[in-house]
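Chemist: Below you'll find the structure I mean.
The values are calculated or read from the model by the stated rules, or taken from the named source; none is laboratory data. As the structure is a prediction and not an experimental result, all values here were calculated from the model. Glycine also receives a Cβ, built like all others from the backbone with ideal geometry; neighbour counts cover every protein chain displayed. All accessible areas refer to the heavy atoms of the entire protein, side chains included, with ligands and DNA or RNA removed. Shrake-Rupley method; radii C 1.70, N 1.55, O 1.52, S 1.80 Å.
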Amino acid sequence: MENVLNLIKRDKYTTDYVLQSPVLDLEANGVECPKLCDKCFSPFLEAFTRSDDKIQAIPGIPESVVISSPVSIAAAIRRGCLFGASQDSCDDRACIIGIWANLKSEKVVISLMAIESVISSRDFMAMMYLIGCVALSPLRIMSVLAGFDLNADITFVKGAMGDRDVVDC
């Protein structure tokens with residue numbers, strides 16, 4: 001127990017970002033609720049459309065990234081899954097929610113691809129990072145490069161894939 005006092009608090013390195021209501025983003029991107037029983041539908045909908053969800057990430061993420069459609073959709077799907085895994089969900093509905101989440105997760109990628117050409121490379125990278133933070137919450141990702149092989153021999157190719165620069169490893 002005494003070693004716990006020696007741990008560095010993660011709050012020193014992370015910030016809470018409060019997400020807005022996802023309803024408009026969900027409607028605009030065609031992310032509808034799964035077919036659920038009467039007992040599960042209302043609590044699922046409440047969790048799915050909650051507007052005060054918090055995600056922890058490194059400080060300095062632009063507001064435009066935090067309120068973006070891809071982040072909003074990812075967080076809504078995650079909340080739906082958490083409901084499906086809770087005691088409040090019927091067992092067979094939990095399976096339906098899991099299958100639904102698997103099918104709807106592509107909407108995060110599609111919404112990200114839809115705005116890729118109009119956002120900066122910096123914001124795109126921050127958005128990818130924040131989506132990762134949403135997916136892995138409550139685990140915290142302490143770096144944008146989490147999971148990246150830092151021993152890679154990286155070269156940048158100017159103008160590859162249109163107007164963007166991509167990493168060629």
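Chemist: Measuring from the lowest to the highest alpha carbon on each principal axis, how far does the stretch 27-71 reach, largest first, in angstroms?
Modeler: 42, 21, 12
Chemist: Could I ask something else about it? Taking all protein chains in place and a 1.4 Å probe, what share, in percent, of the accessible surface of the stretch 25-137 do carbon and sulfur account for?
Modeler: On the way: 3380 of 5800 Å².
For the stretch 25-137, the apolar C and S fraction of the accessible surface comes to 58 percent.
Chemist: Same structure, new question: What trypsin sites (Lys or Arg not before Pro) in the stretch 2-110 are in a loop by DSSP, with at most 10 other Cβ atoms within 10 Å of the Cβ? The partial results should precede the final answer.
Modeler: Details: sites: 9, 10, 12, 35, 39, 50, 54, 78, 79, 93, 104, 107; in loops: 9, 35, 50.
Hits after loop and neighbour filter: 9, 35.
Chemist: Per residue, how much accessible area does the stretch 81-130 show when a 1.4 Å probe rolls over the protein heavy atoms, in square angstrom?
Modeler: Numbers: 3050 Å² over 50 residues.
That works out to 61 Å² for each residue.
Chemist: Right, here's the next one. Under 14 Å from a label point 7 Å along Cα→Cβ of residue 114: give me every residue in the stretch 68-102 with its amide N that close.
Modeler: 68-74, by backbone N distance to the label point.
Chemist: Once R0 is set to 41 Å, what does the formula 1/(1 + (r/R0)^6) return for the Cβ-Cβ distance between residue 45 and residue 12, expressed as a FRET efficiency to the nearest 0.05? Write down the numbers at each step before the final one.
Modeler: On the way: r = 37 Å, r/R0 = 0.89.
Calculated transfer efficiency: 0.65.
Chemist: So which GluC sites (Glu not before Pro) in the stretch 17-126 are both in a DSSP loop and have at most 13 other Cβ atoms within 10 Å of their Cβ?
Modeler: Passing sites in the stretch 17-126 are 32.
Chemist: For the pairs 12/104; 39/104; 54/107, note any where the Cα-Cα span goes beyond 31 Å. Spell out each step's value before the answer.
Modeler: Values: 12/104 34 Å; 39/104 22 Å; 54/107 21 Å.
Table pairs above 31 Å Cα-Cα are 12/104.
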